[in-house]
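Scroll down for the structure; my scribbles are underneath it.
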Amino acid sequence: TWDDYCNSVAEKVGQKFNGTYNLALKEGLVKDGDSYLLTQTPVDAYKLLRTDPVVELKGVDVTAGNDLLKDFAGECYEIESTFYPAEGTTKVGFQLRVGDDESTDVMYDIASQNLSIDRSKSGTQISGRFSQVDGQSVTPNDDGSITLHIYMDRASVEVFSRGDTVAGANQIFPALDSRGAKVVVEGAAAKANITIYGMDGIWDKEEKI
């Protein structure tokens, strides 16, 4: 996307740095029928940055219009979630970095089996291409559940699913006070397990030489 918008980031948001720091991932292969799939998994060291869970929901019924995360606010955190859709459930996912007219949406459409990141309302829009929805095909887990493993940072969101055989990352530029979150279910209610860990930063842990 260099030609589409990346060369414009620094100028658009008023900074000198024109890139992003993505998670360090370890790669692997898993057998899938007669072929192999590439896995991309965040390195284990990130678990050392976790703080105590700020949200821990087990077997909760998630309805449309729920307020399960009404008291949550955060910038840097990790979400481990598994949704168990009912027959009439059409979508599951999250709205993240929610504020006044802002949100970054990570959604799974059950009918189309499409996992998407929608940053069209995520804050500063670098260009029209930046505002387009990115998605890819993801089949449910063998038991019909949907796993969404999400890392949220101040200016990025990274999503992993289906045993880390599916991964996606986007830059975002939300307002500083857009710190809310919502669990999204459309159609019939779905069961879910949701854990949200706060995450410590790493920059204050640098060794000065």
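The values are calculated or read from the model by the stated rules, or taken from the named source; none is laboratory data. Just so we're clear, the structure is a prediction, and the values are computed from it rather than from any experiment. Every residue, glycine among them, receives a Cβ derived from its backbone with ideal geometry; neighbour counts consider all protein chains shown. Note: accessible area is taken over every heavy atom of the protein model, side chains too, but ligands, DNA and RNA are not part of it. Shrake-Rupley method; radii C 1.70, N 1.55, O 1.52, S 1.80 Å.
Data table
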read-out	value
Residue within segment 107-128 that is acidic (Asp, Glu) and crowded, with 16+ Cβ neighbours inside 10 Å present	yes
Filter result for the condition that a residue is out of contact with any Leu (no Cβ under 6 Å at 6 or more places or on another chain) and without any contact (Cβ under 8 Å) to a residue 12 or more places away in the chain, over ASP71, ASP100	ASP71
Check on GLY163, open to solvent by 40 Å² or more (accessible area, probe 1.4 Å), in contact with a Gly (Cβ under 6 Å, 6 or more places away or on another chain) and either of a type in the set (Phe, Trp, Tyr) or under 24 Å from ASN114 (Cα atoms) (or both)	no
Qualifying residue in segment 167-176 (condition: more than 11 Å from the chain's Cα centre (by Cα), closer than 21 Å to ASP71 by Cα and open to solvent by less than 40 Å² (accessible area, probe 1.4 Å))	yes
Candidate set: segment 21-54, residues that are in a loop (DSSP other than H, G, I, E, B) and open to solvent by 60 Å² or more (accessible area, probe 1.4 Å); chosen: the one modelled with the lowest pLDDT	TYR21
Output for segment 1-20, where each listed residue is without any contact (Cβ under 8 Å) to a residue 60 or more places away in the chain, in a loop (DSSP other than H, G, I, E, B) and not aromatic (Phe, Trp, Tyr)	ASP3, GLY14, GLN15, LYS16, ASN18, GLY19
Strands (runs of 3 or more DSSP E) wholly inside segment 122-163 containing at least 2 residues that are over 15 Å from THR39 (Cα atoms), touching a Pro at 6+ places or on another chain (Cβ under 8 Å) and at pLDDT below 95	none
Filter result (assigned to a loop (DSSP other than H, G, I, E, B), at pLDDT 95 or above and surrounded by fewer than 21 Cβ atoms within 10 Å (Cβ to Cβ)) within segment 178-209	ARG179, ALA188, ALA189
Residues located in segment 133-148, provided they are open to solvent by less than 40 Å² (accessible area, probe 1.4 Å) and either basic (Lys, Arg) or within 23 Å of GLY123 (Cβ to Cβ) (or both)	LEU148
Qualifying residue in segment 97-106 (condition: open to solvent by 50 Å² or more (accessible area, probe 1.4 Å) and not in a strand (DSSP E or B))	yes
Boolean, ASP61 is more than 23 Å from ARG119 (Cβ to Cβ) and without any contact (Cβ under 8 Å) to a residue 24 or more places away in the chain	no
Selection from segment 60-87 of residues that are assigned to a strand (DSSP E or B), within 19 Å of TYR197 (Cα to Cα) and open to solvent by 40 Å² or more (accessible area, probe 1.4 Å)	GLU80
